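Below is one structure; the comments refer to it alone.
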Amino acid sequence: MSIFQGFPDLPGPNETAFCKINEVYCCGNVRHGNISAFTNTTNHHPKINVTRDLHHHRLSDENISMYINVEDKFLKKISSVWYNQGFLEALSIAADPSINTESKLLAVAATYALKVANAFSTFRYFLQPHLKDIGPKIVSKYSRTRSWGASSVKCMAWHPHATKIAIATADDGVRIYSSDVSFVSTLKCKSQSHVSSLSWRPYSASELAVGCEQGVIVWTVDPNSMFTKPSSSNAVILKRSGHSPVTDVSWSPNGDVLISCCGADTSMLVWDVAMETAVPLRRVAGGGIVFARWSLSSNKIFAATSSIIFRVWDTKSWTPERWCARGCRVVTACWGPNDVVLFAAKGEPVVYALRNIGLLNGAKDSKAQPVLDVTKVELVSGYTIGGPILDMCWDPSGKYLALLFEESHIIAVFCTTQMMMQLNVSPCCYISGIDNEVPSTIAFQQNFTEGACLTIAWSSGRVQHFPIVYTDLY
């Protein structure tokens with residue numbers, strides 16, 4: 001039975017929501033919980049509207065070209081396409097008679113070579129179907145951002161120790177908003193396209209890893225610098241053949257190693273950023289590695305593949321436990337205290353939990369336990385809530401769990417408590433946007449000390465900070 005059965009209805013568009021539940025007041029779009037949300041705890045948070053910022057960027061002088069386009073020679077054009085887009089695209093250019101007007105012999109040779117390459121690719125895709133999608137199609141397919149291709153906010157990440165957030169936008173730029181400075185820094189370079197994920201390095205004020213089509217770009221930006229557009233010389237590009245596009249990056253909680261994943265690569269790369277070298281963690285079965293999540297203790301890594309297989313790695317011995325989801329691949333996962341991991345499969349309205357993972361290795365009957373059923377429910381007002389889960393995040397204290405759905409326009413927040421070996425999940429509140437806004441992506445602030453603060457990027461480009469704090473009102 002869905003946990004939303006019996007939930008109170010959302011207020012109408014002209015109705016103020018203010019009610020008393022369990023002798024504690026809930027205000028705003030907050031219902032059904034024993035906590036209150038107050039905006040005064042986020043007065044110093046950065047005010048963000050990505051649509052407005054993008055519009056300002058398009059009108060700026062930097063987008064006005066001061067150069068005249070010239071026609072490149074044919075061989076130079078082929079070389080450029082080969083370098084930027086790969087060998088097969090270069091063959092396509094050479095085989096196109098409307099472009100290749102200089103050498104008929106080269107066009108014929110390229111045509112036959114292209115047929116052979118296509119036949120080989122077809123056979124390869126038959127054996128490894130996860131390699132069929134390329135470039136932004138892979139990122140869009142595995143992204144946990146709703147409507148990633150059309151969204152003005154591609155992804156976002158809070159700094160673990162500062163009130164500073166990085167937001168990747170539709171123009172392939174990454175904007176840094178901070179409560180300490182009034183200006184916004186924009187990180188952008190030629191190699192940074194189709195940004196899929198962001199991760200701040202713990203115990204560092206200035207290092208940000210960006211997962212994109214070319215690989216991983218690690219930016220080092222001086223937090224005291226007054227430059228709003230740091231040079232690309234501040235960026236280190238980490239890439240490896242066959243490991244693109246990168247669909248996920250994540251720093252370890254200790255900040256010593258960086259992991260990158262690619263939906264078209266069966267290897268998960270563990271990077272030593274200082275040496276610019278990587279060690280692949282390879283397993284054949286399961287297809288490409290879509291994303292990876294570090295446990296809070298940094299002892300384990302949850303790695304999801306493009307199939308129903310997922311693995312939990314022990315970082316002390318670097319050995320994995322192999323698990324299988326029921327029916328579909330794992331679409332999202334998050335770790336909480338005591339090495340408990342929650343995950344959801346694509347198309348399912350159920351959250352599963354795994355605990356004591358190392359102790360279960362080899363057990364015949366070990367299974368993930370369902371802890372939350374969020375089957376879609378239609379409220380009296382006509383709103384729908386629940387359904388298949390697209391993304392979820394657990395606040396650092398392990399007290400609040402937020403769910404983003406594939407279809408519903410409402411975000412659900414739950415209270416979570418762990419007692420002994422039992423995880424209890426109870427309704428807390430739900431959050432709706434303004435007018436017809438749809439939530440794009442969500443993230444909990446990592447250093448919020450007064451409770452929990454959920455940041456929501458809406459389809460309008462508005463970024464909202466939603467604080468949840470304990471109160472003493474009676």
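The values are calculated or read from the model by the stated rules, or taken from the named source; none is laboratory data. All figures in this text were calculated on a predicted structure; none of them were measured in a lab. So basically every Cβ, Gly included, is an ideal-geometry build from the backbone, and we count neighbours across all protein chains shown. We work out accessible area using only protein heavy atoms, side chains counted, and drop any ligands, DNA or RNA first. Shrake-Rupley method; radii C 1.70, N 1.55, O 1.52, S 1.80 Å.
When you scan the stretch 31-44, do you find a residue that is at pLDDT below 75, under 29 Å from Trp158 (Cα atoms) and part of a helix (DSSP H, G or I), even just one? There is at least one residue in the stretch 31-44 that is at pLDDT below 75, under 29 Å from Trp158 (Cα atoms) and part of a helix (DSSP H, G or I).
Suppose we filter Ser241, Ser204, Ser233, Ser191 for residues that are assigned to a helix (DSSP H, G or I) and more than 18 Å from the chain's Cα centre (by Cα); which single one remains? Don't jump to the end; show me each part of the working.
On the way: Ser241 fails: assigned to a helix (DSSP H, G or I); Ser204 fails: assigned to a helix (DSSP H, G or I); Ser191 fails: assigned to a helix (DSSP H, G or I).
None of the other options fit; the residue is Ser233.
Name the single residue that is farthest from Asn424 (Cα to Cα) among those in the stretch 376-396 being surrounded by fewer than 20 Cβ atoms within 10 Å (Cβ to Cβ) and among the β-branched types (Val, Ile, Thr). Per the criteria, the residue is Val380.
Taking the residues in the stretch 397-438 that are of a type in the set (Gly, Ala, Ser) and within 21 Å of Gln369 (Cα to Cα) as candidates, determine which candidate is surrounded by the fewest Cβ atoms within 10 Å (Cβ to Cβ). Break it down stepwise before answering.
Applying the first criterion (of a type in the set (Gly, Ala, Ser)) to the stretch 397-438 yields 397-398, 402, 408, 412, 426, 432-433.
Cutting the leftovers down to within 21 Å of Gln369 (Cα to Cα) gives us 398, 402, 412, 426.
Working: Gly398: 17, Ala402: 28, Ala412: 25, Ser426: 13.
The residue in question is Ser426.
Only one of these is open to solvent by 20 Å² or more (accessible area, probe 1.4 Å), modelled with pLDDT under 90 and not acidic (Asp, Glu): Ser147, Ser182. Name it. Write out each step before concluding.
Details: Ser147 fails: modelled with pLDDT under 90.
Exactly one residue qualifies, and that residue is Ser182.
A single entry from Arg311, Arg322 fulfils the requirement of being out of contact with any Gly (no Cβ under 7 Å at 6 or more places or on another chain), crowded, with 20+ Cβ neighbours inside 10 Å and more than 23 Å from Ile3 (Cα to Cα): Arg311. Does Thr101 satisfy the condition of being exposed (fewer than 12 other Cβ atoms within 10 Å of the Cβ), modelled with pLDDT under 80, not hydrophobic (A, V, I, L, M, F, W, C) and not in a helix (DSSP H, G or I)? Criteria met by Thr101. Inside the stretch 264-306, residues that are closer than 18 Å to Ser244 by Cα and outside any strand (DSSP E or B) make up a count of 11. In the stretch 431-442, the residues that are within 7 Å of Ala457 (Cα to Cα) reach residues that are in a loop (DSSP other than H, G, I, E, B) and open to solvent by 30 Å² or more (accessible area, probe 1.4 Å) with C-beta atoms within less than 6 angstrom, at least six apart or across chains, in these pairs: Ser440/Arg146; Ser440/Ser459. The C-beta contact set for the stretch 136-151 (first residue over 18 Å from Leu403 (Cα atoms), second residue of a type in the set (Ser, Thr, Tyr) and part of a loop (DSSP other than H, G, I, E, B), distance under 8 angstrom, 6+ apart or interchain) comprises Val139/Ser196; Ser151/Thr145; Ser151/Ser459.
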